[in-house]
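Undergrad: Sharing a structure, written as structure tokens. Questions coming.
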Amino acid sequence: MRTRPDHDGKESQVTTPDVASTAASLRDAIRSSDLRLSKYNPLPRILTFDDFNYGAHGWVELGGNYNGRGDLDSMDEHFRDFRPPQLSNQNFFDVGTHGGMTGTYSLKLATRKAPGHTATAIRRLTMSGRGLLQIEAYLAWKVEANLGGGEEANRYGDITWDANSHPSEAQFGAFTVATDLSHDGIRYHNVMRFQNSDWDGHIVQKWMYPTVAEPTPHERFRGEHDYGRYTDFTAPNPDDWRFVSDRRQEACYNEVPTKVNWHYLRFLIDTSTRSNVELQFNNDVYDLRDVAVPPYGEKYESLESLLNFYFSVRTLGPHRNFLFLDSVVISADW
Amino acid sequence: MRQSQSAVMERGVDLEGVHETEPFETAWAGEARWYVHFLRPAPGSEVEFRVQISPDGINWVDHEGIAPLTSEAVGLLSIPVARFGHWLRLRSEQRSGTEAPMLRIYLELKE
């Protein structure tokens, strides 16, 4: 244990680790008494705290890259329609306003009713240090309620309505939390996806990650790819995805599409090693240190110290899929 | 300072007959304005716009205070909206003409 001299040269009884420990304890105590932050477990420096009762806080539709004339045709087709995020009071046909976990509003990402369509909101920062970086959120996922139809509306994929399970649960595809980071000439994405169901409505409910880097507009510019409108932009080939664990991640969809229960998500990464560290979903914690993060093979200009996080939601059927974010905290240890 | 949001509801959609924007939640906003830009005009056509509201984002009705607006499918137009409740969408319908215009549609919201 190191000691340090005090102002008149004598060794102090207060050690540096003790000071750090005291500071951490004080920080924890202050945070735990903060009614809005006590539900979070941030790293020492909170970079952003997004309470959607007070606006969208910079979460914006992910946009594609366009040419010097702003031509729509110059934009990757699968990057043209990620949908504007909505400040939602969770207004439903059966109960009226559901509201947020805290206050009235949450941020809502909504897909179209088109199989494969993805809605994506991104938060754009840069990094002023290297080390641990974490995003936390309280979130919920739902499917647009269906009104009317025949007996077929009571079945979808694995689920037939039984007043406990509801077919809409099988109509939710996936949501994803991910980064877009670049420093010292190397760009990479940390990606975690909750795959709820497959294209046929069979329940999956497992965490997944891609083994390849996301296709970029620069690659399309060079003629290396040209994906269609409903492509999975994060990693288009299903063969490039792996399960984090074969264990099913059970959750609280809560029976019908208009009951909302908030779930805690925490995704920890390390920018000093460009690696994943840990994923927490409610009380389940996944060790991600062996989950590789595929970097790009070439240097990208204009992106030094890029620090982006995005959330996306993808439907695999003709149903609007929604991801609601009550609030989001991004923190770092630098 | 008042909260505000501009949402690009369509970035370049071909109007093939009738088009309705995706449901958009507006409970927090006190005023709204649509902008429609004919990225590819269709001179000689008539396109009608109706502002629609909803109690649940599923069932829709024309806003009682805004008469349908008919345009000549060129240029940029706007429609101010007040007292719209919790959901908004814009319905576009080509009433005449053979060439399909391409639209960019913005929704501006402010507390």
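Undergrad: Return only the number of the condition from (1) within 14 Å of chain A (Cβ to nearest Cβ); (2) touching a strand residue (DSSP E or B) at 6+ places or on another chain (Cβ under 7 Å) that B:Pro55 does not satisfy.
TA: The number of the failed condition is (2).
Undergrad: So, of the residues in the range B:68-89 that are within 14 Å of another protein chain (Cβ to nearest Cβ) and part of a strand (DSSP E or B), which turns out to be farthest from the chain's Cα centre (by Cα)?
TA: Quick first cut of the range B:68-89, residues within 14 Å of another protein chain (Cβ to nearest Cβ) only: B:84-89.
Restricting the remaining residues to those that are part of a strand (DSSP E or B) gives B:87-89.
Working: B:Trp87: 12, B:Leu88: 9, B:Arg89: 6 Å.
The qualifying residue farthest from the chain's Cα centre (by Cα) is B:Trp87.
Undergrad: Quick check on the range A:161-172. Is at least one of its residues part of a strand (DSSP E or B) and modelled with pLDDT of 95 or more?
TA: Going residue by residue through the range A:161-172, those that are part of a strand (DSSP E or B) are none.
Checked the range A:161-172: no residue is part of a strand (DSSP E or B) and modelled with pLDDT of 95 or more.
Undergrad: Continuing with the same structure: Is the range B:21-39 home to any residue that is basic (Lys, Arg), more than 12 Å from chain A (Cβ to nearest Cβ) and within 17 Å of B:Glu93 (Cα to Cα)? Reasoning before the result, please.
TA: Looking only at the range B:21-39, we keep the residues that are basic (Lys, Arg), and these are B:33.
Now drop any that are not more than 12 Å from chain A (Cβ to nearest Cβ), which leaves B:33.
Checking which are within 17 Å of B:Glu93 (Cα to Cα) leaves us with none.
No, there is no match, as no residue in the range B:21-39 is basic (Lys, Arg), more than 12 Å from chain A (Cβ to nearest Cβ) and within 17 Å of B:Glu93 (Cα to Cα).
Undergrad: How about the range A:99-108: which of its residues are assigned to a loop (DSSP other than H, G, I, E, B), more than 10 Å from chain B (Cβ to nearest Cβ) and in contact (Cβ under 8 Å) with a residue 12 or more places away in the chain?
TA: First, pick out the residues of the range A:99-108 that are assigned to a loop (DSSP other than H, G, I, E, B): A:99-105.
After this cut, where a residue has to be more than 10 Å from chain B (Cβ to nearest Cβ) as well, the list is A:99-103.
Within the range A:99-108, A:Gly100, A:Met101, A:Thr102, A:Gly103 qualify.
Undergrad: Among the numbered criteria (1) within 14 Å of another protein chain (Cβ to nearest Cβ); (2) small (Gly, Ala, Ser); (3) at negative phi, which single criterion is violated by B:Gly65?
TA: (1)
Undergrad: When the range A:79-98 is examined, which residues are found to be more than 9 Å from chain B (Cβ to nearest Cβ) and either touching a strand residue (DSSP E or B) at 6+ places or on another chain (Cβ under 8 Å) or without any contact (Cβ under 8 Å) to a residue 40 or more places away in the chain (or both)? Walk me through it before giving the result.
TA: Within the range A:79-98, the first condition is being more than 9 Å from chain B (Cβ to nearest Cβ), and the residues that meet it are A:79, A:82, A:95, A:98.
Across the range A:79-98, the qualifying residues are A:Phe82, A:His98.
Undergrad: Can you tell me which residue among B:Ser45, B:Ser92 is polar (S, T, N, Q), modelled with pLDDT of 95 or more and closer than 22 Å to A:Arg112 by Cα? Working first, answer last.
TA: Details: B:Ser45 fails: closer than 22 Å to A:Arg112 by Cα.
So the residue among B:Ser45, B:Ser92 that is polar (S, T, N, Q), modelled with pLDDT of 95 or more and closer than 22 Å to A:Arg112 by Cα is B:Ser92.
Undergrad: Just wondering, is there one or more residues in the range A:142-165 that are under 19 Å from A:Gly55 (Cα atoms), of a type outside the set (Ser, Thr, Tyr) and either touching a Leu at 6+ places or on another chain (Cβ under 8 Å) or buried (at least 21 other Cβ atoms within 10 Å of the Cβ) (or both)? Working first, answer last.
TA: At the first step, the residues of the range A:142-165 found to be under 19 Å from A:Gly55 (Cα atoms) are none.
No, that holds for no residue.
Undergrad: Residue by residue through the range A:109-137, note down the ones that are of a type in the set (Gly, Ala, Ser), assigned to a loop (DSSP other than H, G, I, E, B) and either in contact with an Asp or Glu (Cβ under 7 Å, 6 or more places away or on another chain) or away from chain B (no Cβ under 14 Å) (or both).
TA: Quick first cut of the range A:109-137, residues of a type in the set (Gly, Ala, Ser) only: A:110, A:114, A:116, A:119, A:121, A:128-129, A:131, A:137.
So of that shortlist, the ones also assigned to a loop (DSSP other than H, G, I, E, B) come out as A:114, A:116, A:128-129, A:131.
Scanning the range A:109-137 gives A:Gly116, A:Ser128, A:Gly129, A:Gly131.
Undergrad: Let me ask you something else. Surrounded by 15 or more Cβ atoms within 10 Å (Cβ to Cβ) and of a type in the set (Val, Ile, Thr) - does that describe any residue in the range A:81-95?
TA: Taking the range A:81-95 first, the residues surrounded by 15 or more Cβ atoms within 10 Å (Cβ to Cβ) are A:81-93.
Next cut, of a type in the set (Val, Ile, Thr) only: none.
No, because not a single residue in the range A:81-95 is surrounded by 15 or more Cβ atoms within 10 Å (Cβ to Cβ) and of a type in the set (Val, Ile, Thr).
Undergrad: With respect to the numbered conditions (1) away from chain B (no Cβ under 13 Å); (2) more than 14 Å from A:Ala137 (Cα to Cα), which one is the sole condition not fulfilled by A:Asp50?
TA: The failed condition is (2).
Undergrad: Is it true that A:Gly149 is free of Cβ contacts under 8 Å to residues at least 12 places away in the same chain, in a loop (DSSP other than H, G, I, E, B) and over 17 Å from the mean Cα position of the chain (by Cα)? Before you say what the answer is, go through the steps one by one.
TA: Details: free of Cβ contacts under 8 Å to residues at least 12 places away in the same chain: yes; in a loop (DSSP other than H, G, I, E, B): yes; over 17 Å from the mean Cα position of the chain (by Cα): yes.
Spelling it out, A:Gly149 is indeed free of Cβ contacts under 8 Å to residues at least 12 places away in the same chain, in a loop (DSSP other than H, G, I, E, B) and over 17 Å from the mean Cα position of the chain (by Cα).
The values are calculated or read from the model by the stated rules, or taken from the named source; none is laboratory data. Since this is a predicted model, take the numbers as computed values, not measurements. Every residue, glycine as well, gets a Cβ built from its backbone with ideal geometry; the counts of neighbours run over all protein chains shown.
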